[in-house]
Amino acid sequence: MIALKRAVPWWARIAAKIVLARLPIPYSAWKRLRLFEHGDMNLPERAWNGFLELALTAGIVEMQAGLPRLKSSEPGYSVVEIGPGDALFSAVIARSLGISRSWMVDAGPFATTDVREYTALLTLMRNRGVQPPVSGEPASISELLEACHCEYLVEGVKSLAELPPDSVDYCFSNAVLEHIPKGDFPLLASEISRVLKPDGVSLHRVDLKDHLGGKLENLRFPDSTWEGPLFRNSGFYTNRIRLSDMVAMFEHAGLDCQVCRIARWSALPTPRQRMAALFRELLDDELLVSDFDILLRRKR
């Protein structure tokens, strides 16, 4: 299946996804076929490693005798994940590290409710010497989320309005911010600034590659086409916000920004002359950024 997907040109993927996204087929079926997916964080080991990598980068955990430990000893430590995707594994991992409360925020109820998938994560954690928040196999996802003191909110950026101000110690996402609708991004930035505690941190891994083949083919289209409902609702949308513009939006919302990791192509993967005018005039230094990590704190 992966080899077949790689063999399909980007323009054919767009055409196929526009058609397929409008068929009356549930997301779970597309997920099984790997045609539409909200990431791969329903794989226990990848979710565990991904959570720890970002938490270590953000400086909220440390390793002691090979085991992760939450640095803060303050009561009521809270976490928000933006875009947990196909599983709520981060809630389980966070609780096992001593985090008191978590919110999982997504644009829809995409997370699996198959208890067996969560049991696989619990087994992995026990094998690594980490005590999970439940003993045995939970009877339901509701029971597991209750044990983790987790709320699952599925109204996208609007869901953040349900969180109290100054209530979040750590907010993070992994290859999600590029999917936030362009028009919603300023609201996202202002909500992160509002909910973070004065000493809270927010870390985000952002992937600027197109989601058609890992290049910049998405920059070929003018905003009038790309931001229209035909493209935006067909499973390949990214907001195309470049690094400098994203930093500017966060700073305008009252956040200090530190780009703590940046990866670049050695040469433009899509010819500049094929890009829409909006992007054709950008400097190479901007267009060559393929992905980055950005750490946010409230301005003092």
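The values are calculated or read from the model by the stated rules, or taken from the named source; none is laboratory data. This structure is a prediction, so every number in the text was calculated from the model and none was measured. Methodologically, a virtual Cβ is constructed for each residue, glycine included, from the backbone with ideal geometry; neighbour enumeration extends over all protein chains shown. Quick note on the areas: whole protein, heavy atoms, side chains included, nothing else; ligands and nucleic acids left out. Shrake-Rupley method; radii C 1.70, N 1.55, O 1.52, S 1.80 Å.
General observations
- Protein-only accessible surface order, largest first, of TRP11, TRP226 at 1.4 Å: TRP11, TRP226
- Model label zone, ASP245; criterion: amide N under 18 Å from point 7 Å along Cα-to-beta-carbon; scope the stretch 203-222: 206-212, 215-222
- Computed magnitude of the charge dipole of the stretch 123-191 (debye, nearest 20; Cβ of K, R +1, Cβ of D, E -1): 320 debye
- Scanning residues 5 or more positions from ASP210 or on other chains, those with amide H under 5 Å from its amide H are LYS215, LEU216, GLU217, ASN218, with H placed 1.01 Å from N in the peptide plane.
- For the chain, built as a Gaussian network whose Cα springs stay under 10 Å, the top-fluctuating residue of MET249, MET63, MET125: MET63
- Rolling a 1.4 angstrom probe over the protein heavy atoms with all chains in place gives the stretch 39-156 an accessible area of 43 Å² per residue.
- Near ILE192: Cβ cut-off under 13 Å, other residues only, Lys/Arg at +1 and Asp/Glu at -1. The net charge is -2.
- Taking the protein heavy atoms of the chain in the context of the full set of protein chains, the accessible area attributed to carbon and sulfur is 55 percent at 1.4 Å.
- Any cysteine of the chain lacking a neighbouring Cys Cβ under 4.7 Å - listed by number: CYS171, CYS257, CYS260
- When only the Cβ of Lys, Arg, Asp and Glu is charged (+1, +1, -1, -1), the dipole of the chain relative to its Cα centre reaches about 820 debye.
- Percent of Cα pairs exceeding the 27 Å cut-off, where the set is the chain: 44 percent
- The three principal axes of the Cα atoms in the stretch 107-148 give end-to-end lengths of 33, 16, 15 Å, sorted in falling order.
- With a threshold of 21 Å on the Cα-Cα distance, the over-threshold entries among LYS17/LYS209; LYS158/LYS215; LYS182/LYS215; LYS17/LYS158; LYS197/LYS299; LYS158/LYS299 are LYS158/LYS215; LYS17/LYS158; LYS158/LYS299.
- For the chain, DSSP calls about 50 percent of its internal beta bridges antiparallel.
- When the stretch 158-206 is described by a simple charge dipole with +1 on each Lys and Arg Cβ and -1 on each Asp and Glu Cβ, the residue from SER190, LEU160, ALA175 located farthest towards its positive end is ALA175.
- Residues in the stretch 139-181 reached by a label modelled at THR113 [backbone nitrogen below 14 Å; 7 Å Cα→Cβ]: 139-145, 152
- Rounded to the nearest 20 debye, the dipole size of the stretch 60-169 about its Cα centre is 440 debye, using +1 on the Cβ of Lys and Arg and -1 on the Cβ of Asp and Glu.
- Stokes-Einstein D in µm²/s, Kirkwood radius over Cα pairs - the stretch 92-197 at 4 °C with 1.567 mPa s viscosity: 85 µm²/s
- The heavy atoms of LEU56 present about 80 square angstrom of accessible area, all protein chains included, probe 1.4 Å.
- Relative contact order, whole percent, for the chain stands at 17, derived from Cα pairs under 8 Å and 6 or more residues apart.
- For the stretch 225-300: rounded, prolate or oblate by the Cα gyration tensor [a/c cutoff 1.5]: oblate
- Cα-derived Rg over Rh, computed across the stretch 192-231 with Rh taken as Kirkwood radius: 1.21
- Of the residues LEU52, LEU278, ranked by 1.4 Å probe accessible area with the largest first, the sequence reads LEU278, LEU52.
- Cα gyration tensor of the stretch 143-275 - equivalent ellipsoid semi-axes, whole Å, descending: 29, 18, 14
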